[in-house]
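The values are calculated or read from the model by the stated rules, or taken from the named source; none is laboratory data. Predicted model, so just to flag it, every value in this text is computed and none were measured. FYI the Cβ positions are ideal-geometry reconstructions off the backbone, even for glycines, and counts take in every protein chain you see. In case anyone asks, the SASA skips ligands and DNA or RNA and just uses the protein heavy atoms, side chains included. Shrake-Rupley method; radii C 1.70, N 1.55, O 1.52, S 1.80 Å.
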Amino acid sequence: VEHQFAAAPGLLGGRVLLPLALLATGALVLLRLDRVRWREAFLLLGCALLALLPASLVPLNVLVNEHRLYPGIAFLSLALGSLVAPLGRRCAWVLLGAAYLVILGISTYQRNRVWQDEVTLWQDAASKAPAMYRSHLHLGGALEGKGDLEGALRHYREAQRLAPQVIETHYDLGNALRVSGRPTEAAAAYATCLELNPTF
């Protein structure tokens, strides 16, 4: 729900070159095979690129939004399947697909337990992405909604520390401080909001 990420230092870094090298190697192997059905694969690859266009053209509020890739990944998977299907026995592909579905089913069951409520969801996000302010901001809101003001304040302060330039971190902290009976600290948080944006 909130991924921790860092920008690659440049195009020559391993995070960029390794996936490109793997893709290039796979493409070269497939080019050497005679039984590959390229027409279907290219059509599906074109559909994958079309599915990625909206995410490429529309500016994103959140830089890492994996759900925008789902349609493209579906077409990419079909393209890969059309390339490798002639290379093996149908029974083997059916067994591999069934095993993959079982793994996805177990993973879905585990993730559903995390998504059972806002507190468990944002606790999981904050534990996996401790350097992302949104995880702490939303976990603070979930804890405040459950009546845990001290827990909420702890995470609001962490969000404020991680992103002091984001108005909402100060605003939510101010609201929680006001509700918990600390008007002077709340006023200071609200003053910071107005310093960042006088019309807020």
- With the label point 7 Å along the Cα-to-beta-carbon line of W38 and a cut-off under 20 Å to each amide N, the hits in segment 69-86 are 76-86
- Working with all protein chains in place, sort R37, R178, R90 by solvent-accessible area computed with a 1.4 Å probe, largest first. R90, R178, R37
- Query: Once phi is turned into ³J(HN,Hα) by the Karplus curve 6.51 cos²θ - 1.76 cosθ + 1.60 with θ = phi - 60°, what whole-Hz value does each residue of segment 119-129 show in order, with x for glycine and proline?
  - Reply: 5, 5, 4, 7, 5, 4, 5, 5, 6, 8, 9
- Can you sort Y156, Y171, Y100, Y133 by 1.4 Å-probe accessible area, starting with the largest? Y100, Y171, Y133, Y156
- Query: What's the long-distance tail for the chain, i.e. % of Cα pairs beyond 32 Å?
  - Reply: 41
- Message: With n ≥ 4 as the cut-off for DSSP H runs, can you work out [θ] at 222 nm for the chain, using -39500 (n - 2.57) per run divided by the number of residues, rounded to the nearest 500?
- Response: -23500 deg cm²/dmol
- In whole µm²/s, the translational diffusion coefficient that Stokes-Einstein assigns to segment 54-119, given a Kirkwood hydrodynamic radius over C-alpha pairs, 20 °C and 1.002 mPa s, equals 143
- Note on the structure: Expected unfolding gain across A27-I167 under the 0.36 nm per residue rule, minus the alpha-carbon gap, is 45.7 nm
- Query: Round to a whole number: what % of the accessible area of the chain belongs to carbon and sulfur, probe 1.4 Å?
  - Reply: 66
- What list of ³J(HN,Hα) values in whole Hz, one per residue of segment 43-48 in order, does the Karplus curve 6.51 cos²θ - 1.76 cosθ + 1.60 (θ = phi - 60°) give from phi, with Gly and Pro shown as x? 4, 5, 5, x, 5, 5
- Note on the structure: Over its alpha-carbon atoms, segment 94-200 yields an Rg and a Dmax in Å of 18.4, 66
- Note on the structure: The helix 14-31 Cα axis meets the longest alpha-carbon principal axis of the chain at an angle in degrees, between 0 and 90 and rounded to 10, of 20
- In degrees, nearest 10, the alpha-carbon axis of helix 133-145 is tilted away from the dominant principal axis of the alpha carbons of the chain by 60
- Message: Solvent-accessible area of S56, probe 1.4 Å, all protein chains present, reported in Å² to the nearest ten, please.
- Response: 90
- Mean separation of Cα pairs under 8 Å and 6+ residues apart, divided by the residue count of segment 32-105: what relative contact order is that in percent? 44
